[in-house]
Amino acid sequence: MNKKNIEAIIFDLDGVIISTDEYHYLAWKKIAIAYKLNFNRSINEKLRGVSRRESLEIILKENQIQLSEAEIKHMLNEKNNFYIKMLEQYLSEADLLPGVKEVLSKLKQLKYKIAIGSSSKNAKYILKKTNLFDLFDVISDGNNIKYSKPNPEVFNIAAKLLNVKNKYCVVIEDAQSGIEAAKNAGMIAFGIGDAQNNDKTDIKLNNLLEILDYI
Ligand code: BG6
Ligand code: MG
């Protein structure tokens, strides 16, 4: 990694910028209880970074259950309604992970381009509710993409919108699938939390402020 070549930083959202992870877990848990499905923290870890639909597919596979398309759509809708209700009620700047604001303002000062690369379809809502929306040059999210991480699509779109070559982009991720996606895009992968334990992670971060030591 050559520091001088880095032009853009693409942040995952859930689990990197903001700790919405617990709200996702609670919403899936509510669905699991209602439909008598086995769901626990270890299954929940497998949902990190993957789309809403693929998350449900993972839960159904764990339970060896197959449902019709109509039932799947209904459950996805219910899960999102639970999730959104919690965000409306509880989400605030207090959910931002430590160092977010300092890192973003320092990166701006250093003239890096900054983007979001998230599988979430709720990314814009979350960024607006936590007053971060205007800090990003580009938002590539679950509404733009056909394929979810580990497919690189969401990061490819971010780089394209930023007008930066993939190899000059750093991705900050907390999910295994996100690290895979960043490497599949030919980008530099910084891993935080669970993503520190991936062989493909280029730089392991204990916290967001450590980004500033590497760029
Ligand atoms: C990712 C989360 O950022 O977004 C996943 O890590 C989640 O857990 C995915 O399933 C989709 O989110 P949403 O908000 O579109 O349901
Ligand atoms: Mg994440």
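Every number in this text was worked out from the coordinates using simple rules, so none of it is lab data. Since we're looking at a predicted model, the values are computed, not measured. Using ideal geometry, Cβ is built from the backbone for each residue, glycine included, and neighbour counts are taken over all protein chains shown.
For the stretch 151-215, a/c is not less than 1.5, where a ≥ b ≥ c are the root eigenvalues of the C-alpha gyration tensor, and a/b does not top b/c. That puts it in the oblate class. Among the listed pairs 30/124; 46/204; 3/46; 29/106; 111/146, a Cα-Cα separation exceeding 28 Å is found for 3/46; 29/106; 111/146. The stretch 79-120 gives an Rg/Rh value of 1.11, both radii derived from C-alpha positions and Rh following Kirkwood. The fraction of Cα-Cα pairs per 10 angstrom bin, counted from 0 for the stretch 41-160, comes to 11, 35, 37, 14, 3, 0 percent, rounded to whole percents. Here the stretch 1-19 is scanned for amide nitrogen atoms under 18 Å from the site 7 Å beyond the Cα of residue 111 along Cα-to-Cβ, giving 3-9. Averaging 1/r over each pair of different alpha-carbon atoms in the stretch 97-195 and inverting the result gives 13.6 Å, the Kirkwood hydrodynamic radius.
Helical content alone sets the calculated 222 nm signal of the chain at -12500 deg cm²/dmol, taking -39,500 (n - 2.57) per DSSP H segment of four or more residues and averaging over every residue. Percent of Cα-Cα pairs more than 29 Å apart in the chain, please. Taking all Cα-Cα pairs of the chain, the fraction more than 29 Å apart is 23 percent. Measuring between their Cα centroids, the stretch 1-68 and the stretch 162-191 lie 18 Å from each other.
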